1. I want to confirm something. Restricting to the stretch 224-272 and keeping residues that are surrounded by fewer than 16 Cβ atoms within 10 Å (Cβ to Cβ), of a type in the set (Gly, Ala, Ser) and part of a helix (DSSP H, G or I), which single residue is farthest from the chain's Cα centre (by Cα)?
2. Could you grab me the full set of residues in the stretch 20-48 that are modelled with pLDDT under 70 and buried (at least 16 other Cβ atoms within 10 Å of the Cβ)?
3. So which residues in the stretch 91-136 are of a type in the set (A, V, I, L, M, F, W, C), more than 20 Å from the chain's Cα centre (by Cα) and part of a helix (DSSP H, G or I), if there are any at all?
4. Going through 149, 143 one at a time, which residue ends up being more than 27 Å from residue 25 (Cβ to Cβ), among the small types (Gly, Ala, Ser) and not in a helix (DSSP H, G or I)?
5. Based on this model, can you work out whether residue 115 counts as modelled with pLDDT under 75, surrounded by fewer than 24 Cβ atoms within 10 Å (Cβ to Cβ) and under 14 Å from residue 31 (Cα atoms)?
6. Taking the stretch 161-213 as the region of interest, how many residues are outside any helix (DSSP H, G or I), surrounded by 14 or more Cβ atoms within 10 Å (Cβ to Cβ) and at negative phi?
Amino acid sequence: MSDRPAPALASIHEPAPLSLITGYCTQIYAVADAEIQKLRHDPSELLTRALQPAIWLLLFGQVMAQVRGIADGGRYLDFLAPGILAQSVLFAAIFYGIAAIWERDLGVLHRFMVSPAPRSALVLGKAASSAVRGLSQAVIVYGLAVLIGIDVSFRPAHILGVAIFIAIGSALFSTFSLIIACIVKTRERFMGIGQVLTMPIFFASNAIYPIELMPPWLKTISSANPLTYEVDGLRALMLTGGTTKYGLGFDAAVLIAVTALLVGIAARMYPRLTS
């Protein structure tokens, strides 16, 4: 008789893949919920963030609407609204890393680091909470868009698509912000770099003018800018009769690929923030 254990007995103590996935998702949710609780206790942040898209749509949009040819023959405000939605998500997410620096100073980050949760779960939890904030921005921009007469699509499939693009875009830029925080490690440096990065990312995209109007060198930068693909997807989904330049599938694939890359980098760098 063979002394080798039966295969079934050898694997009886191995964790089931489903339980591993469930545990991983639970860890992501725990980190995200802690961040969302902050927003529940201080909802005034949503009101202050509503001012920026209102200024862009009501002031900048009304002025630029007088410039002929900037929106390919359509209404400029319709062209602008998805770009301002993407901008609101970007500006909310790009400063997310400063919260990680605050957590380090308060000792919260050290408790995260000694927990059994994988570093990628901690990063994804931060990204998920940023997505919730991004979706709250969408509600604000949608309300403003309706008030000024923008032809917004309320088809359920389109609203779901907008929510997905916002969630991915928020995750992408908040993770990018976390990487910056791991590099600079101080609030003062982070604020300076954050201010420097947001405007080039925004203006080197198709958010407020078509790519066709850009000089060749800026077109090249725009094609490498993830915000360009987020805006392209939002423009097709948010507006009635909206179109996409690159295709929704390609837009989503670019955003998901860049987000996955940044999550991998952030998971490696996150522990360095404590040093």
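The values are calculated or read from the model by the stated rules, or taken from the named source; none is laboratory data. In this text the structure is predicted, and so the values were computed from the model without any measurement. A quick note on method: Cβ atoms are made from the backbone with ideal geometry, for glycine too, and the neighbour counts reach across all protein chains shown.
1. 249
2. 35
3. Once the filter is applied, which keeps residues that are of a type in the set (A, V, I, L, M, F, W, C), more than 20 Å from the chain's Cα centre (by Cα) and part of a helix (DSSP H, G or I), the stretch 91-136 yields 102, 106, 108, 109, 112, 113, 114.
4. 149
5. Working: modelled with pLDDT under 75: yes; surrounded by fewer than 24 Cβ atoms within 10 Å (Cβ to Cβ): yes; under 14 Å from residue 31 (Cα atoms): yes.
Against the criterion (modelled with pLDDT under 75, surrounded by fewer than 24 Cβ atoms within 10 Å (Cβ to Cβ) and under 14 Å from residue 31 (Cα atoms)), residue 115 qualifies.
6. Number satisfying all stated conditions: 6.
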